[in-house]
1. Count neighbours as other Cβ atoms within 10 Å of each site's Cβ, and list the GluC sites (Glu not before Pro) in region B:157-226 that are DSSP loop with at most 15 such neighbours.
2. How big is D for region A:30-93, in µm² s⁻¹ as a whole number, if Stokes-Einstein is applied with the Kirkwood radius of its Cα pairs at 20 °C and 1.002 mPa s?
3. Rounded to the nearest 500, what is the 222 nm mean residue ellipticity of chain A from helices alone, with -39500 (n - 2.57) per DSSP H run of 4+ residues and division by all residues?
4. In whole angstrom, note down how far apart the Cα centers of region A:100-174 and region B:92-110 are.
5. Please express the Cα-Cα pair-distance distribution P(r) of chain A as a list of whole percents, one per 10 Å bin, running from 0 to the bin with the greatest distance.
6. What is the Å³ per residue value for the convex hull set by the Cα atoms of region B:228-277?
7. Tell me the distances, shortest first, between residue B:23 and the same position across the other copies, using label points 7 Å along Cα→Cβ, in nm to one decimal.
8. Calculate, in whole percent, how much of the Cα-Cα pair population of region A:253-328 lies beyond 21 Å.
There are 2 protein chains.
Amino acid sequence: MGVKIKDVARAAGVSVTSVSRVLNKSEHISEKLEKKVLRAIEDLNYSPSLIAKSLKRNKTYLIGVIIPDITSNFQAMILSRIEEIAGRRGYNLLVSNIVEDTEKVVKYLNIYQEMRVDGIVLMHEKLNRDIGLFLDKTQIPLVVHADLGMNLSTVIIDDFKAGYDATSYLISQGHRRIAMIAGDKRDLCAGLKRLEGYTVACMDHGIEVNEALIRYGDYKLSSGYRLMSELLRESRGEFTAVFAASDDMAAGAVNCIHDHQLHVPGDLSVIGFDGSQIADIVRPKLTTIKQPVDRISECTVDLLLEIIEANEQSSSTHTMRTIVLEHELVEQGSCRAYEPRRVPSKD
Amino acid sequence: MGVKIKDVARAAGVSVTSVSRVLNKSEHISEKLEKKVLRAIEDLNYSPSLIAKSLKRNKTYLIGVIIPDITSNFQAMILSRIEEIAGRRGYNLLVSNIVEDTEKVVKYLNIYQEMRVDGIVLMHEKLNRDIGLFLDKTQIPLVVHADLGMNLSTVIIDDFKAGYDATSYLISQGHRRIAMIAGDKRDLCAGLKRLEGYTVACMDHGIEVNEALIRYGDYKLSSGYRLMSELLRESRGEFTAVFAASDDMAAGAVNCIHDHQLHVPGDLSVIGFDGSQIADIVRPKLTTIKQPVDRISECTVDLLLEIIEANEQSSSTHTMRTIVLEHELVEQGSCRAYEPRRVPSKD
DNA sequence: CTGAAAGCGCTTACAG
DNA sequence: CTGAAAGCGCTTACAG
């Protein structure tokens, strides 16, 4: 653990400059010299220090990723793809899994800055003063997976429209009394926008929004279960369909409904959001708004690296870009047309 | 993005030494000087370079984590906990999500070495020549979540015994013809050991192992589904229970059974492995071998940091340690006692 | 309590 | 094609 470039140079009988050149294939080097160097590297089991290299080159090949919850299948899928694509392009991921809240986000943003990461991917979508300040002044290339209302590069879907579409779909199936298991309103996209889509879709179809039918969760399965049991306890019979802001919550809702001896979609229709693997695990499989995970991941990495590389050329041009990807409504088994006079039957 | 310690020193009218001392709170410093320095740091929005610091201190506070598949809920839970615990102790995670195989593992191990990470957590449990060589000679503190049969520090459960227990449980419920949806035999613990546990448990109870009832998957839900449909196609009626080497595969098996109009546990009992959230999502909930996720994560970080710190004191003592944690059989709804003469009924 | 200077392990003009 | 030397941004004996 102590062999450095100088040792290799000595062993090979050449200068450190030459060793460095062999390592980086940066200039033409005689075959003889190269062979000697490679030999010495092998003999000494030399591993060049990326730390020293980073310091000198002012480039770390590190990307910091801030993700709210890796145990969410949807987020894990995105992270996994980002890792793969970035890795193929020579970048490594520094990952922070912020289970808790906004304070930790600022803490990690600062650490990333001190680590001199080449870029940051931010999947967190709550904003507070400190985060806003940081994002506002940092020079680090950054892609955000949410529309924070700031002048930042983003890769997103249209969460408002997606929420609108999910709700309209239920309405088109004849449902008029629709509950919503929403996310956190402070989440600017997954929380607020999807809820707004729901609200506006209701209004556009002449349906009065009933606040009692809107519940706020944390996207996890357990909160979907809990909120659904609240709904069944407090508002049973007042709704025929549910729109959940995540597949995990939708799955929790489905399980809760089953545990109450009711059927999906016979008694209640449920539509989810994300298109994660959970949607296919639960029975019936969830009808859901599918986010284009692969496209999101690719666009995120592509855009980030584009900004990074542009920055390396001319350090001042910060091109902001917003990429909006299409979502897709996937019909599976958890919704069905509302039948006003249907006699409860065992099928 | 260009202000360095020298600039702070100049702005504060002190030496860089003093700035460094304020930053690191390393020695006593007059209040007056400290105030000037903090002021300058604030004014210039100075962010110290961890890269430079790492080079000098020969310490990066980086832990490299190699994980086969983040989209596995079980692995995500462990990663999430490790991140949390390590973060609390000042370490950051460099994460590689090796979807593919052993080549990539070696590649990332080498990158970690070049990054001079302070330690490595290896969740991968396949071994090839290059990985063996690396593990054999590296000086980097390392904790492996598998028994690779090498002299390495490990945090594991007893996978043989766990496989034995799962199988014995089914046998104790009266099952004699038990299929196994196993992992990859090249996975030394999750693959091989659990399978051996199954085999030996059968033999110990005078049950002949029927190779046709053993299928090999990749731990994912989809392979559980696929293998179960193979079993139902090729060996229907020849088994009354199934042991799957992961909850994901067990969940896939349960869904497959349902899709064949059969019931769990009425027609077939299913036992899973891991105790991940998937076990609670599927209906019926899975009876499963629960791994102590929190304990595994804590012990892994504790052990790794212990080795790291011991190394920093006296660079030679590499204490190998093996920590074996207890698994637990959690009974939920997916198994039931075999009734030889049971008349198929619709309940 | 404070500072000047050497050095961490590399890369890269510059000179030959 | 090859090498000597400066420098990346810090920390830390050493001296005062």
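The numbers here are math on the coordinates, done by the rules we state, and not lab data. Remember, predicted model here, so these are calculated numbers, not experimental data. We place every Cβ from the backbone using ideal geometry, glycine too, and count neighbours over all the protein chains shown.
1. Working: sites: B:196, B:208, B:211; in loops: B:208.
Passing sites in region B:157-226 are B:208.
2. Diffusion coefficient, whole number: 144 µm²/s.
3. On the way: 13 runs with 155 residues, N = 347.
Result for chain A: -14000 deg cm²/dmol, rounded to the nearest 500.
4. One Cα centre to the other: 27 Å.
5. Computed distribution, short to long bins: 5, 22, 25, 18, 13, 8, 5, 3, 1, 0.
6. On the way: hull volume 3.4 nm³, N = 50.
In region B:228-277, the Cα hull volume divided by residue count equals 68 Å³.
7. Those label-point separations list as 2.3 nm.
8. Values: 1456 of 2850 pairs.
The share of Cα pairs beyond 21 Å in region A:253-328 comes to 51 percent.
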